[in-house]
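Taking it in order: structure first as structure tokens, then the write-up.
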Number of protein chains: 2
Amino acid sequence: MKIEAVDFFYLSMPQVTTEADGSQDALVVRVAGGGHVGWGECEAAPLPSIAAFVCPMSHGVCRPVADSVLGQRLEGPDDIARMAALVEYDSMDLLQAAHTFSGVEMAMWDLLGRARGEPVWKLLGYAASHAKTPYASQLFGDTPQETLELGRKARAKGFRAVKYGWGPIGRGAPEADADHFAAAREGIGEDGILLVDVGQIFGEDVERAALRLPALEKARATWLEEPFHASALEAYGALAARSRTVKMAGGEGAHNTFMARHLIDYGKVGYIQIDCGRIGGIGPAKKVADYAAPRGVTYVNHTFTSHLALSASLQPYAGLEGHRICEYPVAPKSLAVDLTATHLTPDANGEVRAPDAPGLAVEVSPEALRRYRVDVEIRVGGRTLYRTPEA
Amino acid sequence: MKIEAVDFFYLSMPQVTTEADGSQDALVVRVAGGGHVGWGECEAAPLPSIAAFVCPMSHGVCRPVADSVLGQRLEGPDDIARMAALVEYDSMDLLQAAHTFSGVEMAMWDLLGRARGEPVWKLLGYAASHAKTPYASQLFGDTPQETLELGRKARAKGFRAVKYGWGPIGRGAPEADADHFAAAREGIGEDGILLVDVGQIFGEDVERAALRLPALEKARATWLEEPFHASALEAYGALAARSRTVKMAGGEGAHNTFMARHLIDYGKVGYIQIDCGRIGGIGPAKKVADYAAPRGVTYVNHTFTSHLALSASLQPYAGLEGHRICEYPVAPKSLAVDLTATHLTPDANGEVRAPDAPGLAVEVSPEALRRYRVDVEIRVGGRTLYRTPEA
């Protein structure tokens, strides 16, 4: 078959706030070919990502993503890799291209899986889809007491693992942060898996980050996520060397496989967290999993939006039985919930897994595409390059 | 003063082809404040870059670039750095942001320099603007004979240094490439400085690149530029270790200072090439120069467009006397020539330097802004977020 159409849907909550919650808007991609349809989601700013698909060519290696996709043959995984290589080379000077292509690539896997009647993880070469332990991904409370209660609530919902992120951490004294870490441990209980995400708050300041290590170790945090700028490899490596029990985690900012490899090789992370909606889709994410596993680094998905994104993000490491932790958006905005008719709810053991059904096996709700749609029109040189399509 | 207005002008040649010539379109930025105006240029895809300035916020760290710029105080270089840090953090999930901000940042330096009556290189802390040896930057010929003649022509125009790029190199047999390298040396003469740019053609395949080393050494090439993907640090380092006389050069793809530092530290480049229109502007480029110089790595500008971009690109290393090589667009499209009323022509010694006059000291032609303008309108949710402004 050939790629006949690629449609982008920009969706948004009525109000978008400055909180670090990526589920407030969405860019959903529909790819059609050979009588089939596949769906994907960019974890990216919608308007610039649409623009990177439809923009006029600037020169030979600054072409719109559309040029590497529309009309292309899609018969198997190699075709997806071929298109990815085209985008990488022909759009090398278009920075946003990786984010745009991520959702398109995801949708191509979905389409291919549906056409073949196979789950994506099988197309990736895995024999089984193993159970993952979902962690409740939530923000720190404003006070230690709130942090404690958030932990109790997550446990009450059945989550054995809880990640706290952002909030006040790194903005005040180390002692204040220590109170939050202790409250988090108390909230999730002695046997809970505690994960901490500080959202690049320390820039590349190793000393400021290191001041938080003793309290993190005392609270038995499994990992410290994104202490630094996504590319501050030396800072990651230096902090990893000073930590006794807490591993470094990072990688969500990777927009190509090189960045993830460098976090492993130079940043010495113990957990590599990949967002399929940013790194270029499922194919490059699988490459990172292949690179991480033999090096003793654990692959983890990064997912803060819909269950379409969640299913996609589970595929690259579905077959890695020992890589069990899985980010699970515990309190996304209604947009992210309503977007899909299918939801990957934890089973009786509290575990989730990539579905054993064709493609990504998540149905997108046409009603949600209409309800949350943001109308966009882009006109360049008298021509309409983009207008929100019909759902 | 405060940043009162930021305007983007998308310009284009009537026809844009697939050749690797970045001067076929342009994104020019005008920043106004305190009764002054400054100009900059993004070396980036215009439409996605405009979109990254005006797009609605997605969440707290995926904000449009405008949010970190409009209404901000601009009294000195520290304010520019402060806004750069705001963009880096608040737009960390907006991939295109660095390309967008690059032109804005450049225009802020121009504005500040004009307001203070000082050249930008003085604001950067340099005491003098030293002469640079411009190299003619051109593509390889289709045949070795064409390559030879292109070299003779460049020498006849007064260029002692010539860079050949892209074209057939790496697409056929190593022997065919060797013929081009030998022809290039013959064309520019025994005393010419020969530079070779292969535009990432080898991906991360060190062996294929290494097959070209003997002929490059025989032709006495000073550097081999971008043999690999911009982030293929290991491949750069491996090829550098196998080369006896030819240094590696790269860095034009860097969209933050980390990427440039990693090319130096892990990629072992001998020349670090920075495009101020991509790395975030003049400030981060100066940081790269500060990092490179004490490590024995030579800073070189990357410039393939207008003399506005050329002046900006000379500022970060204007004061580094020993860093002499300078990319000089020898045959840009008429758009890039017409864009500025001022041109930095080589002096009697065939050398250029950052002008000793306020700001970037390059006047933009309002007539060119009108003649090459591409009308753009972006509407989101019923509101016009962008419409091409008056020149």
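The values are calculated or read from the model by the stated rules, or taken from the named source; none is laboratory data. Computed from a predicted model, the values in this text were never measured in an experiment. Please note: Cβ atoms are built from the backbone with ideal geometry, for glycine as well, and neighbour counts cover all protein chains shown.
Which members of segment B:237-264 meet the condition of being closer than 15 Å to residue B:292 by Cβ, touching a Gly at 6+ places or on another chain (Cβ under 6 Å) and within 13 Å of another protein chain (Cβ to nearest Cβ)?
The answer is B:260, B:263.
Are any of the residues in segment A:186-200 part of a helix (DSSP H, G or I), in contact with a Pro (Cβ under 6 Å, 6 or more places away or on another chain) and under 15 Å from residue A:150 (Cβ atoms)?
Let us first name the residues in segment A:186-200 that are part of a helix (DSSP H, G or I), namely A:186-188.
Going one step further and asking which of them are in contact with a Pro (Cβ under 6 Å, 6 or more places away or on another chain), we end up with none.
No.
I'd like to check something: does segment B:223-238 contain any residue that is closer than 21 Å to residue B:81 by Cβ, crowded, with 22+ Cβ neighbours inside 10 Å and out of contact with any strand residue (DSSP E or B) (no Cβ under 9 Å at 6 or more places or on another chain)? Even if it seems obvious, please write down each step before you answer.
We begin by selecting, within segment B:223-238, every residue closer than 21 Å to residue B:81 by Cβ; these are none.
No.
Do you know which residues across segment B:335-370 are surrounded by fewer than 14 Cβ atoms within 10 Å (Cβ to Cβ) and among the basic types (Lys, Arg)?
Within segment B:335-370, B:370 is the sole residue that qualifies.
Taking segment B:62-88, which residues are surrounded by fewer than 20 Cβ atoms within 10 Å (Cβ to Cβ) and either modelled with pLDDT under 95 or outside any helix (DSSP H, G or I) (or both)?
B:70, B:71, B:72, B:73, B:75, B:76
Quick one: residue B:124 ticks every box in (1) more than 30 Å from residue B:196 (Cβ to Cβ); (2) assigned by TED's automatic domain parsing to the domain that holds residue B:36; (3) touching a residue at least 12 places away in the same chain (Cβ under 8 Å); (4) out of contact with any Leu (no Cβ under 8 Å at 6 or more places or on another chain) except a single one, so which number is it?
For residue B:124, the failing item is (2).
Filter segment B:15-47 for residues that are at pLDDT below 95 and either at positive phi or hydrophobic (A, V, I, L, M, F, W, C) (or both) and give the result.
B:20
For a quick check of your reading of the model, give me the residue pairs whose first member lies in segment B:11-39 and is over 17 Å from residue B:391 (Cα atoms) and away from chain A (no Cβ under 14 Å), whose second is at pLDDT 95 or above and surrounded by fewer than 24 Cβ atoms within 10 Å (Cβ to Cβ), with beta-carbon atoms closer than 7 Å and at least 6 apart or on different chains.
Sorted first by the residue in segment B:11-39, then by its partner, the pairs are B:34/B:1; B:34/B:115.
Search segment B:142-162 for residues that are over 18 Å from residue B:352 (Cβ atoms) and pair each with any residue that is aliphatic (A, V, I, L, M) and surrounded by 14 or more Cβ atoms within 10 Å (Cβ to Cβ) when their beta-carbon atoms are under 6 Å apart and the residues are at least 6 apart or on different chains.
Within 6 Å, the pairs are B:144/B:183; B:147/B:183; B:147/B:184; B:148/B:183; B:151/B:162; B:151/B:184; B:151/B:188.
Return yes or no: is residue A:318 under 18 Å from the mean Cα position of the chain (by Cα) and modelled with pLDDT under 95?
no
Given the criterion under 23 Å from the mean Cα position of the chain (by Cα) and within 14 Å of chain A (Cβ to nearest Cβ), identify the matching residue among B:43, B:105.
Details: B:105 fails: within 14 Å of chain A (Cβ to nearest Cβ).
Step by step, each of B:43, B:105 is checked, and only B:43 is under 23 Å from the mean Cα position of the chain (by Cα) and within 14 Å of chain A (Cβ to nearest Cβ).
Which residue pairs have Cβ atoms under 8 Å apart, sit 6 or more places apart or on different chains, and have a first residue in segment A:46-72 that is within 19 Å of residue A:33 (Cβ to Cβ) and of a type in the set (Ser, Thr, Tyr) and a second that is modelled with pLDDT under 95 and not in a loop (DSSP other than H, G, I, E, B)?
none
If residue B:95 meets every condition in (1) in a helix (DSSP H, G or I); (2) crowded, with 24+ Cβ neighbours inside 10 Å; (3) touching a His at 6+ places or on another chain (Cβ under 7 Å) apart from one, which number is that one?
Result: residue B:95 fails condition (1) only.
Return the residues of segment A:49-77 that are away from every other protein chain (no Cβ under 14 Å) and not acidic (Asp, Glu); say none if nothing qualifies.
Within segment A:49-77, A:69, A:70, A:71, A:72, A:73, A:74, A:76, A:77 qualify.
Need at least 1 residues that are more than 20 Å from residue A:208 (Cβ to Cβ) per element, so show me which helices (runs of 4 or more DSSP H) inside segment A:221-293 make the cut, counting only ones lying wholly within it.
Those helices (runs of 4 or more DSSP H) span A:257-265, A:282-292.
Taking strands (runs of 3 or more DSSP E) that fall entirely within segment B:314-391, which contain at least 2 residues that are away from chain A (no Cβ under 14 Å)?
Strands (runs of 3 or more DSSP E) meeting the threshold: B:325-329.
Tell me which residues, restricted to segment A:108-133, are among the small types (Gly, Ala, Ser) and either within 20 Å of the chain's Cα centre (by Cα) or within 14 Å of another protein chain (Cβ to nearest Cβ) (or both).
Result: A:129, A:131.
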